[in-house]
């Protein structure tokens, strides 16, 4: 946290899909400053899911470095990549973010289970979860409810709370509004931005919708930072 | 929290989990039930006779001698003459001796001629002696004492008349000399329950007018005359012997086996029981094997259910992964879930066993004379339950490893 460098820095990254040898994705360079909010625009199939997997460390590049909060995630072992993800990154999916059978409280606290430092940052974790719930406009009694009983909009808000518990320095959101209607989208984005700003986290959000651009510090097109190659076999 | 989530995940799939649990519970109850019956049968088998050091009979096989003298199964091929009996009784090693005379029957039950010493010396279930439930022992020549099952089956009580039939499953009755029931014995869970006991002299008395297996036509000696006669038997079927000191058992056994006047056989009841059990034990082992296979089948059913649930749970695993769970955690989660299911099934199976025992105990006792004790689970049973949980963990490893690979490949993204 104390290191002054960017929260995310990709350098000379090259990734090959297993079993699809001729294709590769290369990212010559991409950085995200601390506290910065960036919109990553790209159509489906443009490699953005792969890029997110690389950043989160669930896949590893064939070459290059990916520094998350100063640590090269590509050089770590599988277990330590998972640990780093738990400690440093909050993740919000398009939808189905929550374990439907678990309580809202357990869903929010789940990342802390795998991240002792983040748990320590959160302080009194259940109280932090309750505070986040209040902040995102969910009534207190929702904490004990089964996540599956919530509406889609409520579930996405719980996902924001989960991504931000323990204030990770980086939040990654993968088209979090795509399952919401237009009216809810704006409200959701307000809420997410408010929480990210309150936590001082950086936000990397992937979307195909350029109209969202003016909310972000910076907008990046995936084709400007990443290249899909078909290599000679 | 992981445990709570695993439980919640199980609860969310309550129906399939309940079915799997039920299958495991039934198989565990079956296995433990078979085990219970097996140990119960073995114990009641071994408890049939105790305190007797040697059983003596005409030379045949040790198992055969045990079967007809103690279990009233099959017949003696030959008798022991009264002279030989007296010779053995007179030996210094012999502390006590009880003669047994078999061969007649009453309905489906066997009649055994013996002496008062039988009631004093016969021991079952680690040294328990026979007790009268009703009435008293043999007093008059034509007194009979019946076992609990005889009384229960035929509705007999003290002072009822009872007619002994000649031989086994015969149509000729010793109806000229009816007996009186003098006493009914307490239930013992041994073949004594199914025996009509009369005195050795009474056996002799009812055969006074018989030659070669048939009544001499027109002859029927009155009871009063019989009471005055010398009713010393010519032979007995077998004898139970107690020795002065256990050290002398083998010497006495050898002496009887080498008795020059007549081919005799003396066996140690415990050894003969072991031999008999070795024969019966094959079926018992097969039964145990079959019920173990049923448990394995139930566990494989659980494995199949886990496999089929994997695809619909990829999203769940992706969430765990995104939150920083290692693939190993995913594997552990599935194994934990299987262990919980197996533990639930095993616990429920134990409950089913006790419920079944409560219902079946009196029925089994009445039908087979087999008393299945209801006791807290023995260490052995706890090991079985533990083994079921462990086996559940082992069979769940296959689907868990598949989940591990899926979650490695999927990462946080599930392409659906």
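Values computed for the structure shown
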{"quantity": "The range A:50-76, residues that are facing chain B (nearest Cβ under 10 Å) and part of a loop (DSSP other than H, G, I, E, B)", "calculated": "A:57, A:58, A:59"}
{"quantity": "For residue B:206: the one exception among (1) more than 27 Å from residue B:45 (Cβ to Cβ); (2) free of Cβ contacts under 8 Å to residues at least 60 places away in the same chain; (3) touching a strand residue (DSSP E or B) at 6+ places or on another chain (Cβ under 9 Å)", "calculated": "(2)"}
{"quantity": "Residue satisfying condition, being crowded, with 22+ Cβ neighbours inside 10 Å, touching a residue at least 12 places away in the same chain (Cβ under 8 Å) and under 21 Å from the mean Cα position of the chain (by Cα), within set B:353, B:334, B:357", "calculated": "B:353"}
{"quantity": "In the range B:28-50, the residues that are assigned to a helix (DSSP H, G or I), more than 16 Å from residue B:286 (Cα to Cα) and touching a residue at least 12 places away in the same chain (Cβ under 8 Å)", "calculated": "B:28, B:29, B:40, B:44, B:45, B:46"}
{"quantity": "Selection status of residue B:31, buried (at least 17 other Cβ atoms within 10 Å of the Cβ) and not assigned by TED's automatic domain parsing to the domain that holds residue B:192", "calculated": "yes"}
{"quantity": "Test: residue in the range B:355-365 that is out of contact with any helix residue (DSSP H, G or I) (no Cβ under 8 Å at 6 or more places or on another chain) and within 30 Å of residue B:10 (Cα to Cα)", "calculated": "yes"}
{"quantity": "Flag for residue B:41 being closer than 30 Å to residue B:119 by Cα and in the same structural domain as residue B:82 (by TED's automatic domain parsing)", "calculated": "no"}
{"quantity": "Flag for residue B:76 being at pLDDT 90 or above, away from every other protein chain (no Cβ under 14 Å) and buried (at least 19 other Cβ atoms within 10 Å of the Cβ)", "calculated": "no"}
{"quantity": "When residues of the range A:81-92 are limited to those that are in contact with a strand residue (DSSP E or B) (Cβ under 9 Å, 6 or more places away or on another chain) and assigned to a helix (DSSP H, G or I), the one surrounded by the most Cβ atoms within 10 Å (Cβ to Cβ)", "calculated": "A:85"}
{"quantity": "Members of the range B:198-235 found to be touching a helix residue (DSSP H, G or I) at 6+ places or on another chain (Cβ under 7 Å) and either in a loop (DSSP other than H, G, I, E, B) or under 16 Å from residue B:145 (Cβ atoms) (or both), listed by number", "calculated": "B:208, B:231, B:232, B:233, B:234"}
{"quantity": "Residue satisfying all of: in the range A:36-49; in a loop (DSSP other than H, G, I, E, B) and in contact with a helix residue (DSSP H, G or I) (Cβ under 8 Å, 6 or more places away or on another chain); nearest to residue A:10 (Cα to Cα) among these", "calculated": "A:47"}
{"quantity": "Lone unmet requirement of (1) within 14 Å of residue A:174 (Cα to Cα); (2) in contact with a helix residue (DSSP H, G or I) (Cβ under 9 Å, 6 or more places away or on another chain); (3) within 7 Å of another protein chain (Cβ to nearest Cβ); (4) at pLDDT 85 or above for residue A:86", "calculated": "(1)"}
{"quantity": "Filter result for the condition that a residue is under 19 Å from residue B:199 (Cα atoms) and either buried (at least 16 other Cβ atoms within 10 Å of the Cβ) or touching a residue at least 24 places away in the same chain (Cβ under 8 Å) (or both), over B:127, B:139", "calculated": "B:139"}
{"quantity": "Meets criteria (away from chain A (no Cβ under 14 Å) and either within 18 Å of residue A:78 (Cβ to Cβ) or surrounded by fewer than 18 Cβ atoms within 10 Å (Cβ to Cβ) (or both)) for residue B:362", "calculated": "yes"}
{"quantity": "Only one of B:39, B:21 that is modelled with pLDDT of 90 or more and over 23 Å from residue B:264 (Cα atoms)", "calculated": "B:21"}
{"quantity": "Strands (runs of 3 or more DSSP E) completely within the range B:76-176 that count 2 or more residues being within 23 Å of residue B:250 (Cα to Cα)", "calculated": "B:94-106"}
{"quantity": "Subset of the range B:213-250 [under 36 Å from the mean Cα position of the chain (by Cα) and surrounded by fewer than 13 Cβ atoms within 10 Å (Cβ to Cβ)]", "calculated": "B:213, B:234, B:245, B:246, B:247"}
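The values are calculated or read from the model by the stated rules, or taken from the named source; none is laboratory data. Computed from a predicted structure; not experimentally measured. Please note: Cβ atoms are built from the backbone with ideal geometry, for glycine as well, and neighbour counts cover all protein chains shown.
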